[in-house]
Ligand SMILES: Cc1cc2nc3c(=O)[nH]c(=O)nc-3n(C[C@H](O)[C@H](O)[C@H](O)COP(=O)(O)OP(=O)(O)OC[C@H]3O[C@@H](n4cnc5c(N)ncnc54)[C@H](O)[C@@H]3O)c2cc1C
């Protein structure tokens, strides 16, 4: 694969960022080759029969509000990418030990109506954030640019910078409202006493009102396959089963986009990188890992509060105090006895995932990076706590800890599903402080994974931004060949 192959651009890795980058380049008329280590394209967008025949499980990402809302995916859809989202009746639920579950509906008002004394506060914080709409989402997903929605960003900023524990207590007076925002914030995988963990919670809760928390009909793999097909329509190509170990293996091209994390880039680039850049990249910090369980169930989860049955995502961890304590344990390198558990029940929105009447469900909890502890029992106990009788429905289960996750996808370093710690320092400086952190010191070589702004999630923004930068650089500089 040398010059003769005639590719204008090569993308290493076919996660949502790699594929969004490849499509952005192909739409601009570039001939693009994508090289993927796994046997199937998609990265975080994979769906497999992990347990029993006929039960289709999303191996990684399932719930994709950012794929609805992000400017990258909006642009791709306007240019012919087909995605069929399926929305659950309720985006998210947070069951509690005493009293009914908190339901986060598509409508902020309907959510607020069940929050009693905190209903108004929900409207004034989460509802107000949601009213920031598309311009605010665009601003938060392009954190290094001038804000598209300065007023909404100015309102969001002071709250968004807060630790979740501070934000929840400052805004809400009741335990249920504090708990639900803490559950949202825990998606950040941060200690909830850390700055900006509150911002993650606020944004995710607002996204439920703005975009919903849908799954892709048929499984997340359908989105990856649709992106690969669209790339083929535009003359691009994806070659799977090809792990790139050194940049010298790549065909010559004007642009190389790397959908990998800093550790892999350092290995691939070797001595080609200037020592100072290498040292800065080597300081990049990875976050906690996850331990994931997929179940094939003989029926729907028997939630104690039946309203939870309509939710696509369920947060299991009780009160703010309990969730914060569990996440602090993980941040401190320990395994909580009662972990915060994120559970997705995609069949609620898309029954095609399992035989009639049956269900696929997944859940994960956070663990210290690289942990080898089996958390199956701890996770199932948390589900059983809010859904007594759950275990009786299990037909089969598949589990993956950090080591298995990283074997499946080298970007999941130590089981970190976020492409690196989402701390305040690494939100702005991702993977290092630079005006355009996608650009590397190697001419024509760009990083585009979740280790670049705006970080984790299926939004394609890393790929989209790296591709646009590559196009602009090529126009300015002329072809490298
Ligand atoms: C269990 C789990 C659940 C998640 N749930 C959600 C969710 O519900 N919603 C959400 O928005 N996000 C979720 N995420 C996060 C989301 O999947 C990621 O943020 C997103 O996939 C990152 O996209 P990416 O393109 O940067 O990298 P990835 O999707 O990780 O893709 C990287 C690709 O590069 C390939 N690759 C790596 N190294 C090489 C190499 N040397 N040569 C060739 N190919 C290589 C890998 O095989 C992989 O296919 C979840 C992640 C996990 C693991």
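Counting every C-alpha pair in the chain, the share spaced more than 45 angstrom apart comes to 8%.
Three principal axis extents describe the C-alpha atoms of region 382-481; from largest down they are 64, 31, 21 Å. Against the chain, whose longest principal axis is taken from its Cα atoms, helix 376-386 shows a tilt of about 40°.
Here the spin labels are modelled as points 7 Å beyond Cα on the Cα-Cβ line, and at residue 334 and residue 472 they lie 4.7 nm apart. Taken over region 315-467, the percentage of Cα pairs per 5 Å bin, counting from 0 up to the bin with the maximum distance, is 2, 8, 13, 16, 17, 16, 12, 8, 5, 2, 1, 0.
In this label model, residue 304 and residue 252 are separated by 6.8 nm, measuring between points 7 Å along each Cα→Cβ vector. Per residue, the Cα convex hull of region 1-150 amounts to 185 Å³. Contact order, relative form, for region 221-294: 23 percent (alpha carbon pairs under 8 Å, 6 or more residues apart, mean separation divided by residue count). Taking only alpha carbon atoms, region 386-426 gives an Rg to Rh ratio of 1.22, where Rh is the Kirkwood radius.
Taking region 438-478 and a reference point 7 angstrom along Cα→Cβ of residue 279, the backbone N atoms nearer than 19 Å belong to 441-442. Taking a point 7 Å from the Cα of residue 410 along the Cα-to-Cβ direction, the residues of region 225-253 with backbone N closer than 11 Å to it are 242-247. Quick one: angle between helix 220-233 and the longest Cα principal axis of the chain, in degrees between 0 and 90, rounded to 10, please. The two axes meet at around 20 degrees.
Using a Debye calculation, one point per C-alpha and no hydration shell, please list log10 I(q)/I(0) for region 190-299 at q = 0.18, 0.19, 0.20 Å⁻¹ in order. Result of the Debye calculation: -1.23, -1.21, -1.20. Potential lengthening of the chain between residue 113 and residue 243 amounts to 41.6 nm, from the contour at 0.36 nm per residue minus the alpha-carbon distance. Taking the number of Cβ atoms within 10 Å of each Cβ as an exposure proxy, the fewest-first ranking of 25, 35, 96 is 96, 35, 25. Between residue 229 and residue 434, the distance separating the two model label sites (each 7 Å from Cα on the Cα→Cβ line) works out to 3.7 nm. Mean separation of Cα pairs under 8 Å and 6 or more residues apart, divided by the residue count, gives the chain a relative contact order of 24 percent. Projected over all directions and averaged, the alpha-carbon convex hull of region 120-253 occupies 12.1 nm². Counting only DSSP beta bridges with both residues in region 1-120, the antiparallel share comes to about 55 percent. Packing, as the average of other Cβ atoms within 10 Å across residues, places the peptides 440-452, 152-164 in the order 440-452, 152-164, highest first.
Readers should treat all values here as calculations from the given coordinates under stated rules, not as data from a laboratory. All of these numbers come straight from a predicted model, not from anything done at the bench. Neighbour counts are summed over all protein chains in view; Cβ atoms, including those assigned to glycine, are modelled from backbone coordinates with ideal geometry.
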